[in-house]
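Inspection log for the structure reproduced underneath, given as structure tokens.
Every number here is computed from the coordinates shown, using simple stated rules; none is lab data. No experiment lies behind these values; they were computed from the predicted model shown. Reconstructed Cβ throughout: ideal geometry from the backbone, glycine too, with neighbour counts over all protein chains shown.
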């Protein structure tokens with residue numbers, strides 16, 4: 001490992017390259033299937049309400065299991081848990097690529113989310129562990145830049161494979177990428193031993209949290225179709241609240257064995273980053289959901305063209321994320337997170353002036369500003385959250401931050417759906433939703449300015 005003030009070594013660069021490949025795989029897989037849905041619908045004679053679960057099912061299972069994945073990685077070893085997750089990912093990708101009916105496809109795709117939920121927290125922690133604390137900003141910048149570029153590449157690669165080969169090749173390419181990632185990480189990333197600790201996994205807490213999160217995310221997902229007042233949605237939310245209360249009681253009683261240990265649950269610096277992420281997450285998700293929908297439904301864009309409309313946002317956010325890694329080392333999290341939130345808020349205000357005549361070129365300035373904000377916010381907030389907890393909690397901290405992002409995004413999208421439903425028409429509804437999102441970002445800015453740490457505190461050694 002390089003000295004704290006030294007340059008990055010060749011071995012560290014090789015390890016980073018392997019982990020960048022892992023981050024690209026996980027992020028790219030989330031968006032790659034979007035342009036392939038029509039082809040899948042035709043082959044299995046399915047409708048959009050069924051095919052959307054190819055994406056939603058993966059995201060739902062990923063969100064439900066990610067905290068468990070982080071806890072397992074911190075206790076039993078990150079590289080080991082990563083390899084197990086990658087093996088699960090490959091196995092169900094094979095089944096998905098060979099699926100003979102819609103049910104087999106949906107189940108395979110959802111269970112790929114279990115593998116991804118084991119891989120992602122380990123990828124985060126191994127990346128931060130590879131570099132010294134002083135270079136943690138660079139680690140966060142590289143990871144988030146990779147995620148942004150992978151999200152942008154996903155619809156393009158998925159569209160090319162679906163149009164010129166078959167949608168099944170998205171699974172087969174995933175298999176090849178995952179095997180290459182496993183080989184690269186085994187060769188280039190130093191192994192970490194399981195922690196010498198008496199801590200155990202709170203399996204009852206895992207069951208309660210996973211079930212409660214499933215109820216919440218599933219309720220928010222189906223509410224877009226059946227409405228928030230539907231008995232199914234209300235019942236799911238009630239079950240979520242009851243299970244969440246039980247989870248809190250169980251966590252308090254098991255102490256250090258809790259799924260979310262007391263030292264994280266009571267860490268105010270970490271919670272400040274988490275709450276900020278919770279408030280901001282809906283901004284990014286709103287843009288990637290409603291901008292393509294608006295262009296497809298009101299401007300006559302094809303699904304592939306509508307997906308390409310997000311490329312400026314993704315590419316700009318990825319490029320800025322690389323730069324923000326270096327800026328983090330100079331300015332610290334508070335300034336960069338604040339500037340990122342401000343950029344996201346301004347970008348949403350610029351996108352909110354929608355009419356039925358608004359085209360892609362009219363949206364470009366807002367997408368660029370939003371991309372700059374996202375590129376500053378994501379790596380800085382992730383780095384700030386992971387580096388304010390004990391080093392052996394890094395995987396879990398990254399997983400919890402991601403849950404804040406998923407939870408805030410899901411609730412925010414449900415709020416947006418309600419706003420649009422009560423608007424006189426969809427363009428004005430999206431206009432109002434974007435405006436509300438911009439104001440919500442400003443609330444996150446206030447939280448950041450008062451509670452997120454200013455400059456990173458020096459730590460000795462690496463983020464082990």
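Here are some notes:
- Extending 7 Å from Cα along the Cβ direction at residue 305 and again at residue 252 yields two label points whose distance is 5.8 nm.
- Multiplying the residue separation of residue 446 and residue 103 by 0.36 nm and subtracting their alpha-carbon distance yields 118.9 nm.
- Percent of C-alpha pairs per 5 Å bin, segment 200-260, short to long: 4, 22, 25, 17, 13, 10, 7, 3, 0
- Taking label points 7 Å from Cα along the Cα-to-Cβ direction, residue 293 and residue 45 give a separation of 3.0 nm.
- Counting only DSSP H runs of at least 4 residues, each contributing -39500 (n - 2.57), and dividing by the residue count of the chain, the helix-based mean residue ellipticity at 222 nm comes to -27500 deg cm²/dmol.
- Enclosing the Cα atoms of segment 264-464 in their convex hull gives a volume equal to 111 cubic angstrom per residue.
- Per residue Cα convex hull volume in Å³ - calculated over segment 237-333: 170
- For the chain, the alpha carbon convex hull comes to 132 Å³ per residue, rounded to a whole number.
- Convex hull (Cα only) mean projected area of segment 359-441, reported in nm² to one decimal: 6.5
- Calculated log₁₀ intensity ratio I(q)/I(0) where the Debye formula runs over C-alpha points of segment 8-196, q = 0.09, 0.10 Å⁻¹: -0.32, -0.39
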